[in-house]
Amino acid sequence: MNSSTTTSGLAFEVRLSPQRKTPQERAALLENPGFGNVFTDHMVTVRYTESRGWHDAQLEPYGPLILDPATAALHYAQEIFEGLKAYRHPDGTIACFRPEANAARFNRSARRMAMPELPEELFIGAIETLIQHDGEWVPTQENSSLYLRPYMFATDVGLGVNNPSRSYLFVLIASPSGPYFSGGIKPVTVWLSEDYTRAAPGGTGEAKFAGNYAASFLAQAQAVEKGCDQVVWLDALEHRWVEEMGGMNLFFVFGSGDDVRLLTPELTGTLLPGITRDSLLKLSSELGIAAEEGRISTEQWRAAAQSGELTEVFACGTAAVITPVGHVKGSGGEFSISDGTPGPLTMRLREELVALQYGTRPDTHGWVRKVG
Ligand SMILES: *Cc1c(COP(=O)(O)O)cnc(C)c1O
């Protein structure tokens, strides 16, 4: 069946999959989907050309993209992406958490990579259209959600290297995901990377740009070789100032009880401005917890952990929400954060955020947007 639904301006042509999963097949896939392995029945595509702007918005069966071997993105990596989730609320409705912030960041990434911006209503409209047809894929189990992956890449055909592409494809796919941590929340051990750099001033560190990830895999492999779970990125100039952990932002907790204080590395242009990071900064100040953006070096980190002044460290991002950091290793040896177990503020902030996302606590921020 072909039909068309209009969402804020551009009409989405709807081409339903002739091979939709049956309710039984879907239930089997939703039982233990893991992360990023299972995909829904449909995807959204929207095309851009210089002459026509954004056009040809479609909901279509999930399936392979056919690309010319000379497609620009395959050669020069002009590709950006986003990551957000659709959550099942207790009343059965489906909501996203601050999707407008993802749309805005997508456009900041687009500007950095000399790509066209996508109107916010098209970004949100793509999500609403996909949820309208694949909403049954949003899991109902606790701590499960439908991970949404919008992305855009250069589709000009040719090897000319001097100019950005003049045509692009926007795609939205969706992947049901289970609890990120099967078997409870386990603190990670991190490796302070001095051999590799994620981002340098003037570079692409602040954009959600695919190449940042390609450049990180070797450092992540080194971290694993050193017996760690994740790599911690330091600044490119001095290899001292802490920036991020893998694909997540970091928070440091000093003191305890009424004197507790949070610090997160400031946005210098080389860090990815996480929406979880921003939400936690706002949530903590509402909860009466002092929270600041600043700098922390690896020496300060070690000294404060050893003196006991530093009580907790955690990383945050959409996929895993909040991950405690228990142990730290680097060229100068290793140390633990308190007794290496998840701290009370780490767990409290996690609970507060998850409650908002899953709709079990009232949203007083206008962060929750119903999409189905
Ligand atoms: C996406 C991402 C984050 C986390 O951003 P959220 O909006 O909180 O999901 C942090 N660091 C990097 C490098 C990222 O790509």
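Label points 7 Å out from Cα along the Cβ direction at A355 and E286: separation in nm? The answer from the label model is 1.1 nm.
Calculated FRET efficiency, R108 to E31, Cβ-Cβ distance, R0 = 30 Å: about 0.20 to the nearest 0.05.
Neighbour counting of Cβ atoms within 10 Å sorts the residues E128, E31, fewest neighbours leading, into E31, E128.
Multiplying the residue separation of L74 and V157 by 0.36 nm and removing their Cα-Cα distance gives an extension gain of 28.9 nm. Computing Rg and the Kirkwood Rh from the Cα coordinates of segment 1-150 gives a ratio, Rg/Rh, of 0.96. Given their separation in residues at 0.36 nm each and the Cα-Cα distance between them, R369 and R166 gain 69.8 nm when the chain is fully extended. You can think of it this way: the chain between H55 and D278 has 77.0 nm of extra reach, that is 0.36 nm per residue less the Cα-Cα gap. Computed packing ranks the peptides 327-339, 185-197 as 185-197, 327-339, most packed first, by mean other Cβ atoms within 10 Å. For the chain, the mean projected area of the C-alpha convex hull, equal to one quarter of the hull surface, is 19.4 nm². Divided by 2.2 N^0.38 Å, where N counts the residues, the Cα radius of gyration of segment 194-339 comes to 1.00. Of the peptides 224-230, 151-157, the order by per-residue mean of other Cβ atoms within 10 Å, starting with the highest, comes out as 151-157, 224-230. Between T341 and L16, the modelled labels are 5.3 nm apart [label points 7 Å from Cα along Cα→Cβ].
Bear in mind that the values in this text are calculations on the coordinates, not laboratory data. Being a predicted model, the structure only gives us computed values, none of them experimental. Here Cβ is always computed from backbone atoms with ideal geometry, including for glycine, and neighbour counts include all displayed protein chains.
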